[in-house]
Amino acid sequence: MGRPKKAESTAAGKRKAPAPKKISKKMKKDPNKPKRPPSAFFVFMDEFRKEFNEKNPNNKSVAAVSKAGGAKWKSLSESEKAPYAAKAVKHKEDYNKKMDAYNNKPEKSSGRSKDEDDEEEEHAEGSDKSKSEVEDEDDEEDDEDDD
């Protein structure tokens, strides 16, 4: 009798405003960071996919390849999985070397020479003044010496 129900009013064709986009608090990935190494299973799947696609060229299903690969991996003995595990270990060693190089890369320099940096540290020791304040004092001392 009185007011229409909410469901009726929205069914009449009215749309709600789109929800505001959420701001992600996640850090962005560094594109220079090395990718993690594949496990023995993924090394196996890489080879298996090539063989499977050669035998079944008409297959377009990723799921079919994955299911067949998983079933074959489960049926392999430990000795048959060993070469894939060895390749995975080699990939991991390469990854660790790349990560060491990535983590120990030299920091970006400020564009100044080492002497300038050392000189600044000497002025800054024992003082809470900024570099510009210290330089201003040096200039004032030079002016007083001229008198």
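Bear in mind that the values in this text are calculations on the coordinates, not laboratory data. Everything quoted here is computed from the prediction, not taken from an experiment. We place every Cβ from the backbone using ideal geometry, glycine too, and count neighbours over all the protein chains shown.
Rounded to the nearest Hz, the phi-derived 3J(HN,Hα) couplings of segment 88-100 under the Karplus curve 6.51 cos²θ - 1.76 cosθ + 1.60 (θ = phi - 60°) are 5, 5, 5, 4, 5, 4, 4, 4, 4, 5, 5, 5, 4, where x marks glycine and proline.
Taking the average, over residues, of other Cβ atoms within 10 Å as the packing measure, peptides 75-88, 55-68, 36-49 rank 36-49, 75-88, 55-68 from highest down. Pairs exceeding a 21 Å alpha-carbon distance, out of K50/K74; K25/K97; K26/K90; K60/K90; K67/K90; K33/K90: K25/K97; K26/K90; K60/K90; K67/K90.
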